[in-house]
Amino acid sequence: MRHAIVTGASSGIGAAVARRLLVAGWRITGFDLSPVTIDADAYRHVIVDLTDSAARLAAVDGAGPVNGLVHAAGIMRGGRLGELDMAAGELMWRLHVEAAIALADRLAPQMTAGGRIVMIGSRAGQRGVAAKSQYGAAKAALAGLARSWAKELALRGITVNVVAPAATDTAMLADPARSAIPMEMPPIGRLIRPEEIAGLVAYLFSEDAAAITGQDIAICGGSSL
């Protein structure tokens with residue numbers, strides 16, 4: 001059975017992705033700071049702080065052989081110039097970017113042909129959003145990582161992609177830490193559903209997507225662009 005690690009697997013996009021890949025026949029190890037929310041024989045949950053370098057590597061090494069990685073864990077903190085929180089910016093960088101680098105660095109060398117790496121980006125990293133500069137910068141960095149890794153891994157038959165959704169209906173929108181930052185509605189007039197993003201990730205994990213690598217795929221208005 002193919003095995004993937006999904007970060008942020010307790011809720012939101014990470015949980016939707018984990019459930020969708022389980023249906024597709026993958027065995028999933030979920031990483032999250034929060035307790036388990038998925039009950040399935042092929043699912044194993046690991047509570048881990050992905051900003052802790054020693055803890056995340058121990059979690060990865062304890063997972064066993066892995067064919068796929070979905071880095072969906074994330075937080076959003078914002079602010080306008082003159083009011084930026086440097087500690088919050090560092091935390092977002094460590095969780096979104098540094099953790100992605102550490103996980104891929106550990107896992108990619110062991111992946112065989114057909115391996116998949118998908119990172120969850122954001123419209124803020126593609127287009128820029130007022131008061132989300134630090135968050136957008138961290139998410140934009142994922143695209144640079146994906147393009148470079150895709151070139152390194154292409155000859156081994158391993159794909160690397162970023163899925164960059166617009167505003168998505170997750171608990172992050174209700175986080176008090178972002179209450180002062182207005183939410184920009186997607187063009188379709190509603191929030192993107194986590195299950196829609198999970199469907200795209202599942203496609204990227206399929207054999208049909210073997211030639212899709214190094215591309216940034218943005219969900220905006222309910223369709224892939």
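The values are calculated or read from the model by the stated rules, or taken from the named source; none is laboratory data. Keep in mind it's a predicted model, so treat the numbers as computed, not measured. Cβ atoms come from the backbone with ideal geometry, glycine included; neighbour counts cover every protein chain shown. Note: areas computed on protein heavy atoms with side chains; ligands, DNA, RNA excluded. Shrake-Rupley method; radii C 1.70, N 1.55, O 1.52, S 1.80 Å.
Please give the contour-minus-distance gain from I188 to M86: 0.36 nm per residue of separation, less the Cα-Cα distance, rounded to one decimal in nm.
Full extension from I188 to M86 adds 33.3 nm.
Rank-order 65-72, 130-137 by packing density, defined as the average count of other C-beta atoms within 10 Å over each peptide's residues, highest first. Display every interim value, and only then the final one.
Numbers: 65-72: 23.0, 130-137: 19.9.
Ranked from most to least packed, the peptides come out as 65-72, 130-137.
Please report, as a whole percent, how much of the solvent-accessible surface of the stretch 48-104 comes from carbon and sulfur atoms (probe radius 1.4 Å).
Numbers: 1390 of 2470 Å².
Of the solvent-accessible surface of the stretch 48-104, carbon and sulfur hold 56 percent.
Pop out the ³J(HN,Hα) list for the stretch 191-207 in order, Karplus 6.51 cos²θ - 1.76 cosθ + 1.60 with θ = phi - 60°, rounded to Hz; leave Gly and Pro as x.
6, 5, 8, x, 5, 5, 5, 4, x, 5, 4, 4, 4, 4, 7, 8, 5
Could you pull out every residue, at least 5 positions away or on a different chain, whose amide H is within less than 5 Å of the one on A164? Hs are placed 1.01 Å off N in the peptide plane, and Pro or chain starts have none.
G121, I217, A218, I219
Around A63, what is the net charge, scoring Lys/Arg as +1 and Asp/Glu as -1 over all other residues with Cβ under 14 Å from its Cβ?
Combined, the nearby Lys, Arg, Asp and Glu give +3.
Sorted by accessible area with a 1.4 angstrom probe, largest first, how do H45, H96 fall?
H45, H96
Please compute the per residue accessible area over the stretch 1-71 with all protein chains in place, 1.4 Å probe, rounded to a whole number of Å². Intermediate results must be reported in sequence, preceding the final value.
Values: 2960 Å² over 71 residues.
Accessible area per residue: 42 Å².
Once you have all Cα-Cα distances for the stretch 1-82, histogram them in 10 Å bins from zero and send the whole-percent values.
19, 52, 20, 6, 2, 0
Quick check on the stretch 1-140: take the gyration tensor over C-alpha atoms, sort the square-rooted eigenvalues as a ≥ b ≥ c, and tell me if it's rounded (a/c under 1.5), prolate or oblate.
Prolate, since a/c reaches 1.5 and a/b exceeds b/c.
Name the long-range amide H neighbours of R2: under 5 Å, sequence gap of 5 or more, or other chain; modelled H, no Pro or chain starts.
Correct list: R27.
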